[in-house]
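Working notes for the structure below.
The values are calculated or read from the model by the stated rules, or taken from the named source; none is laboratory data. Small disclaimer: the values here were computed from a predicted structure and weren't measured. Every residue, glycine as well, gets a Cβ built from its backbone with ideal geometry; the counts of neighbours run over all protein chains shown.
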Amino acid sequence: MIDLHGGLNDLDAGVIRAVSDDAIRSDPLRALRAVRQAAQLGFTLASETEALIRRDGVALANVSAERICDELSKLLACASSAPYLFELDRLGLLVTILPELEPLRDLRQSPPHQHAVLQHSLETVAALEFLLGELGYTAASREGTGNEPLGAGPELGSLLDYAGKIGEHLDAVVSDTRRRVVVLKMAALLHDVGKAGARSVDGDERIRFLGHEQAGSRVAGLSLQRLRFSSAEARLVETIVRCHMRPLTLASQDRVSTRALYRFFRDAGDAGVDVLLLSLADHLATYAVPSGGSGWQPLVGSRWLVWSCGC
C-alpha cells in the first residue's frame, strides 16, 4: 500500500485531514461532512483542515439543501452530537446552515438562565443527550449491546420505568430513514428561536420572551422546510416547539388534573413524550444539575404523572 498522505497515521491518531488545499472549495459540503465524520468516529479535525473550513466553508450556503439535510441528519443521529454542533458553530458553519440562530448569539436572558440564547440552545441538545444516556438510549445500547443506564440518580428514577418505551418511540422512523430522535434534536436546537422577536423588559428590568414558543414554532417549521426535511418532520418540530413551555406550567401545579392531562395531549398529540423530554433538557440546560436534586424532583414527578398517561 502506498500511503501518499499519511492516512494510516491519521487513522491511528484519530484525525480527519483534508488532502488538498482546494478540498473544501471544490465541494463545500465536505466542511460539514468532516465534522459529521468526526462525530461518528470520535475523531478530531486537523488544524490545517479547520483553517480550510474557516476560509472556504461559507460556500456551504450554495450547496443544495438536500445534501446538507442528509449530512446534518447523520450528525444528529450520533449519540453525542452536541460537542460537534458546538464545533460547527466555532467553525462558522452552524449559522450558515441555520441562519435563524445568529440573532440568538448575543441575546441575553435573565436569571436563572446562565447563557445567551444560542449557547443555551446548544446546551439543551447536550442536556437532551445526557438524559437519553441516563435512560440507556445510546448508540451502543440501541444496537443491542445491553448497556445499562449510566448512573441515573434518584431524581430520574421514575422515568427509568419508561426507558424501553421511550427508546421505541425515539427509534420510530418519521420520514425516509430518519428516526424520531433526529427530529427531536432539531427541535431542541430550535426550541428558543422565537425569542429573537419576542424580547421585552418589564418594570423590574427582567427580560421576558412572552409568546416565543408560538413564534418559534413557525420559524422552526420553515427552517426544516427550507432544509428539505419532510412535511411530517416539519410539523412534528412545530408541535414540539409550540408546546415546550406547557410542562413547566403543569410542574408548577400542586396536582396535575385529568383535564390538564387531556388538554396537554390534545394539543401535543403523539409529540407529547418528545415535548416532555425537551422540557426536561431545557430545565437542565437552564439550571445545570441542582445540588441534591433541588428543583429537579418536582419537575420529574409532575412529568411522571403526564408520562403515565402518554406512554
- Message: Considering only residues that are within 17 Å of Ser279 (Cα to Cα) and hydrophobic (A, V, I, L, M, F, W, C), which ones fall in region 165-200?
- Response: Ile166, Leu170, Val181, Val182, Val183, Leu184, Met186, Ala187, Ala188, Leu189, Leu190, Val193
- Query: Considering only region 76-89, how many residues are touching a residue at least 60 places away in the same chain (Cβ under 8 Å), touching a Leu at 6+ places or on another chain (Cβ under 6 Å) and of a type outside the set (Ser, Thr, Tyr)?
  - Reply: 1
- Message: Take the residues in region 106-138 that are of a type in the set (S, T, N, Q) and either assigned to a loop (DSSP other than H, G, I, E, B) or without any contact (Cβ under 8 Å) to a residue 40 or more places away in the chain (or both); name whichever of them is nearest to Gly164 (Cα to Cα).
- Response: Thr138
- Task: Determine whether region 59-74 contains at least one residue that is under 20 Å from Glu129 (Cβ atoms) and out of contact with any helix residue (DSSP H, G or I) (no Cβ under 8 Å at 6 or more places or on another chain).
- Result: no
- Looking at (1) surrounded by 14 or more Cβ atoms within 10 Å (Cβ to Cβ); (2) of a type in the set (Asp, Glu); (3) more than 20 Å from the chain's Cα centre (by Cα), can you tell me which one Glu48 breaks? (1)
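So which of Gly7, Gly14, Gly57 ends up being small (Gly, Ala, Ser), buried (at least 19 other Cβ atoms within 10 Å of the Cβ) and more than 24 Å from His120 (Cα to Cα)?
None of the other options fit; the residue is Gly57.
Condition check ((1) outside the structural domain of Ala220 (by TED's automatic domain parsing); (2) touching a residue at least 60 places away in the same chain (Cβ under 8 Å)) across all residues:
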| site | (1), (2) |
| --- | --- |
| Leu52 | yes, no |
| Asp56 | yes, no |
| Glu66 | yes, yes |
| Leu91 | yes, yes |
| Leu104 | no, yes |
- Query: If you take the residues of region 1-36 that are among the small types (Gly, Ala, Ser) and outside any loop (DSSP other than H, G, I, E, B), which of them is nearest to Ile97 (Cα to Cα)?
  - Reply: Ala31
- Only listed residue being surrounded by fewer than 16 Cβ atoms within 10 Å (Cβ to Cβ), of a type in the set (S, T, N, Q) and at pLDDT 90 or above, chosen from Ser231, Ser279, Ser294: Ser231
- Close pairs (6 angstrom Cβ cut-off, 6 or more residues apart or separate chains): without any contact (Cβ under 8 Å) to a residue 24 or more places away in the chain in region 5-30, part of a helix (DSSP H, G or I) anywhere: Arg30/Ala23; Arg30/Ile24
- Query: What are the residues in region 65-118 that are β-branched (Val, Ile, Thr) and either closer than 24 Å to Arg228 by Cα or over 16 Å from the mean Cα position of the chain (by Cα) (or both), if any?
  - Reply: Ile68, Val95, Thr96, Ile97
